[in-house]
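Novice: Below is one structure. I have some questions about it.
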Amino acid sequence: MSIHHPCPIENLRIALFSGNYNYTRDGANQALNRLVGSLLDRGAAVRIYSPTVANPDFPATGEVVDVPNVRMPVKGRGEYRLPLGLGSKAKRDLARFEPDIVHLSSPDPSGHAALSWAQDHDLPVLASVHTRFETYPRYYNMAFLEPVVIKLLRRFYNRCDALVAPSQSMIDELLAMKMHDDITLWSRGVDRTIFSSQARDMEWRRSLGLADDDVAIVFLGRLVMEKGLDVFAETIVQLRKRQVPHKVLVIGDGPARGWFEEALPGGIFAGFQTGAALGRALASGDVFLNPSITETFGNVTLEAMACGLPVVAAGATGASSLVNDGVTGRLVPLKGEEPDSEGLADALAPYCTDPTLRMSHGAAGEARSREYSWDTINRAVAETYVRLVEDRRALQAAEAEKVGA
């Protein structure tokens, strides 16, 4: 690795590839849009290459160039698009834009094509890891494919110059799976103007049928099976068997909503929320339960902490770097490779009956959430861009010198 002096980020031109930049809102594209905003504010030139739709969930930060795509051919994922490569339009735009570095955020067909394009043009490539793709097959009764997916991911990521991942626990997993040996931290921040304990709204709670002394266990996220809906529901069944007093508050929507409503009779479904309404809904809960093992960071966990909720989570990569066990909530070890619903119920029960414990751990979580500043976090990615570009240029200069000699 070369010794370098940081060059101004405003000198760089960055081509960012995303399978879903803004057409369907999720944690990954929220982070990418914030990154692009930060880069543009600092004077860098950024072009985004992603599928586009007529009515995206939110306006894109920066200029987006469409890539060929089709509707995702997976049951229950129809709102997502599958990028199919670069296409002539994106190739022409890339040639005009002349990027210094390519950033890939998804190992999809467009990501693979962009990686080959970058290598053909002797450009460095940074990949960001947002999702535990290797865990997805088990939610579609295809767990036997997991080793194959890991092998494909390893080949893709090792062709890149470096990776960034959102938590130290995820970095450790990627290193153990030999995905790369140059992996740095790109954490996540939280918008404190939206997520705060001050956003709690008792009138809103009452409008949903929650009494002031009810303890609402919150689920927040897209209602898809890979978010651990089955484990959440089974955990609630365990609490009901033990007659632990609680209510369930579900914030979010998605193709598995019907299944989730049937699995949680009596649950309160607040639907999709965004902006200040999302902050209000989350802060109006009492305990946050995150059974998912597919996240690389767990934005929702950090948002719940910022809202002053203690967090009970499966001890997987999405939560283990965030939740301080016994201080801001509870981390429940996995049973084999799966979340443990009985263990989650054991961890939840004290929060349902002990308001002092609930308040203490919630306040500790809110204090910890203040460590996550978007500006500092995004600066780390910019520094990685600069390092990779400088290293590549130094290598090119050395090779040119050899040829000249």
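The values are calculated or read from the model by the stated rules, or taken from the named source; none is laboratory data. Since this is a predicted model, take the numbers as computed values, not measurements. Cβ placement follows ideal geometry from the backbone for every residue including glycine, while neighbour counts extend to all protein chains displayed. For accessibility, only protein heavy atoms count, side chains too; no ligands or nucleic acids. Shrake-Rupley method; radii C 1.70, N 1.55, O 1.52, S 1.80 Å.
Novice: At 0.36 nm per residue, minus the direct Cα-Cα distance, what do residue 42 and residue 206 gain on full extension? Give it in nm, one decimal, please.
Specialist: Extra length from residue 42 to residue 206 when fully extended: 54.6 nm.
Novice: Let me ask something else about it. Taking only DSSP H segments of four or more residues, each worth -39500 (n - 2.57), what value at 222 nm results for the chain once the sum is divided by all its residues, to the nearest 500 deg cm²/dmol?
Specialist: For the chain, the value works out to -12500 deg cm²/dmol.
Novice: For the residue pair residue 26 and residue 334, what label-to-label distance in nm results when each label sits 7 Å from Cα along the Cα-to-beta-carbon direction?
Specialist: For residue 26 paired with residue 334, the spin-label model returns 1.9 nm.
Novice: Points 7 angstrom from Cα along the Cβ direction at residue 63 and residue 178: gap in nanometres?
Specialist: Calculated label separation equals 4.3 nm.
Novice: With every protein chain left in place, what is the accessible area of residue 72 in Å² (1.4 Å probe, nearest 10)?
Specialist: 50
Novice: Can you give the angle from 0 to 90° between the axis of helix 355-369 and the longest principal axis of the chain, with both taken from C-alpha atoms, to the nearest 10?
Specialist: For 355-369 against the chain, the angle is about 10 degrees.
Novice: While we're here: Enter the angle in degrees (range 0 to 90, nearest 10) between the Cα long axis of helix 27-41 and the first principal axis of the Cα atoms of the chain, meaning the one along which they spread out most.
Specialist: Roughly 50 degrees between the two axes.
Novice: From the square roots a ≥ b ≥ c of the eigenvalues of the alpha-carbon gyration tensor of the range 363-405, which class results: rounded (a/c under 1.5), prolate (a/b over b/c), or oblate?
Specialist: prolate
Novice: Follow-up question, since we're still on this one. At a 1.4 Å probe, what is the % contribution of carbon and sulfur to the accessible area of the chain?
Specialist: 53
Novice: Treat each spin label as a single point 7 Å out from the Cα along the C-beta direction, and report the residue 150 to residue 380 distance in nm.
Specialist: Distance between label points: 2.5 nm.
Novice: Compute the length gained on full extension between residue 395 and residue 241: take 0.36 nm times their separation in residues and subtract their Cα-Cα distance, giving the result in nm to one decimal.
Specialist: Between residue 395 and residue 241, full extension yields an extra 49.0 nm.
Novice: Run the numbers on the chain and let me know its relative contact order in percent, using alpha-carbon pairs under 8 Å that are six or more apart. Walk me through the numbers on the way to the answer.
Specialist: Details: 798 pairs, mean separation 59.6, N = 405.
Relative contact order, the chain: 15 percent.
Novice: Let me ask something else. Among DSSP beta bridges lying fully in the chain, give the percent that are antiparallel, nearest 5. Could you put the intermediate results ahead of the total?
Specialist: Values: 5 of 44 bridges.
Taking every DSSP beta bridge within the chain, about 10 percent pair in antiparallel fashion.
Novice: How much length would be gained if the chain were fully extended between residue 158 and residue 11, taking 0.36 nm per residue of separation minus their Cα-Cα distance, in nm to one decimal?
Specialist: 50.2 nm
Novice: Please give every one of the lysines within straight-line cross-link reach of residue 227, meaning a C-alpha to C-alpha distance under 30 Å, and leave out same-chain neighbours fewer than 8 residues apart.
Specialist: Within the straight-line limit of under 30 Å, residue 227 reaches these lysines: 75, 151, 178, 241, 247, 335.
Novice: Can you tell me the 0 to 90 degree angle between the C-alpha axis of helix 341-353 and the longest principal axis of the chain, rounded to 10?
Specialist: Taking the Cα atoms of the chain, the angle to 341-353 is about 60 degrees.
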